[in-house]
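J.: Sharing a structure here in structure tokens format.
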Amino acid sequence: MPPAAAVPVLGVVLTVVAGIVGAIQSRANGTLGVALGDPLDATLWSFVSGWSLLTLAMLRRPSWRALALVRDGIRSGGLRVWMFVGGLIGGAFVAVQAYAVPLTGVALFLVCVVAGQTVGALAVDGVGFGPSGRAPVTATRVAAAVGTLAGVTVAVAPRLSAGGGPGIAAAVVLSFLVGAGTSVQTATNGLIQGASRSLTVTTWVNFTLAFGLILVITVGRLAFGTVHRPLDRPVPWWAWVGGLCGIVVVAVGSYAARRLGILLVILLMIAGQMAGGLLLDIVDAAARARITPLLVFGILLTASSAAFAAYAAQRAMTTKTGAGDPEPSTSRTSTRRP
């Protein structure tokens, strides 16, 4: 375990990197969905591959001991059933991701997700959902959320006015909703990680539930005859890495949630996502055509609002510490943030 003073720095770096990996995951799953002819086929592969890798890791004895701690937490009431909803949200996120990215591009998809994440993080902190406890909804936080939504509006307007149709509108709305859900997912995963003390177990539980949701959807499609043979199209090797990217994002989010708080984790993920998403669109000739000055301005406005919220949160924490208030403990665990 690194020294207490070094943990936040490590958490910050890892969370930004995880945001960049999240942008790569968006492109990989979106590309695979187009190649296979069905975004849900890409989602199924993402969770099959990720869950299989994690299950191999679960064969180690320490992982079974950590899983027993989760069981004990459920029995004692320290962990509630609703705290495991993160995996279901993760399944929904990847499904929407595979559907939306081909329609909107990585950058626009991430802008919509960012708006949902910011609003969701405010709600999660406001009710004390996560392991960092309750944080009041202040004027500065609301201002940051409004600025983020303004950035989304600016970025989305050209795509909607260009005659994209209801498909684009649906992709935008769904991206916002699953973005809000990721704040809940990060919070609940942080709670499970606190109980299990294992990132492997936390991530495996998350993937198992998400995989279960995708299997239920697949069985339903089979029953109604809506599953078709995958298209015979060439698939670049990097389109298959969505599951591995998902493991990184979930594990880092679970680790950082207990050390940085939900809002700061989301903001740092946003920074990585925005940088990675825009870069991916720039290097892709087809996606590059979708980058407009308004889209770039919307991304900058969204990122600026997120940075403002991070600054305000840090200043509030410094002021509270300087006034002699004790550092807030986590709401459902005895571990304190460094």
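J.: If you go through the stretch 171-204, how many residues are among the hydroxyl-bearing types (Ser, Thr, Tyr), over 25 Å from Ala145 (Cα atoms) and assigned to a helix (DSSP H, G or I)? Full working, then the answer.
T.: Of the stretch 171-204, the ones among the hydroxyl-bearing types (Ser, Thr, Tyr) are 175, 182-183, 186, 188, 196, 198, 200, 202-203.
Now narrow it down to the ones that are over 25 Å from Ala145 (Cα atoms): 196, 198, 200, 202-203.
Okay, now just the ones that are also assigned to a helix (DSSP H, G or I), so 196, 200, 202-203.
Here the count works out to 4.
J.: Also, I was wondering about something else. Being within 16 Å of Gly87 (Cβ to Cβ) and either in contact with a Phe, Trp or Tyr (Cβ under 8 Å, 6 or more places away or on another chain) or among the basic types (Lys, Arg) (or both) is the filter here; which residues of the stretch 38-48 pass it?
T.: Step one: of the stretch 38-48, the residues within 16 Å of Gly87 (Cβ to Cβ) are 43-44, 46-48.
Across the stretch 38-48, the qualifying residues are Phe47, Val48.
J.: Among the residues that make up the stretch 38-50, is at least one of them among the charged types (D, E, K, R) and without any contact (Cβ under 8 Å) to a residue 60 or more places away in the chain? Can you show your working first?
T.: Initially, the stretch 38-50 is screened for residues among the charged types (D, E, K, R), giving 38, 41.
Right, trim to without any contact (Cβ under 8 Å) to a residue 60 or more places away in the chain and you get none.
Within the stretch 38-50, not a single residue is among the charged types (D, E, K, R) and without any contact (Cβ under 8 Å) to a residue 60 or more places away in the chain.
Residues are listed down the side, and each one gets a yes or a no for (1) open to solvent by 40 Å² or more (accessible area, probe 1.4 Å); (2) over 17 Å from Gly194 (Cβ atoms); (3) among the polar types (S, T, N, Q):
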residue: Ser49; (1), (2), (3): no, yes, yes
residue: Trp64; (1), (2), (3): yes, yes, no
residue: Arg75; (1), (2), (3): yes, no, no
residue: Leu79; (1), (2), (3): no, no, no
residue: Phe84; (1), (2), (3): no, no, no
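The values are calculated or read from the model by the stated rules, or taken from the named source; none is laboratory data. Remember, predicted model here, so these are calculated numbers, not experimental data. Neighbour counts run over all protein chains shown; Cβ positions are idealised from the backbone, glycine included. We work out accessible area using only protein heavy atoms, side chains counted, and drop any ligands, DNA or RNA first. Shrake-Rupley method; radii C 1.70, N 1.55, O 1.52, S 1.80 Å.
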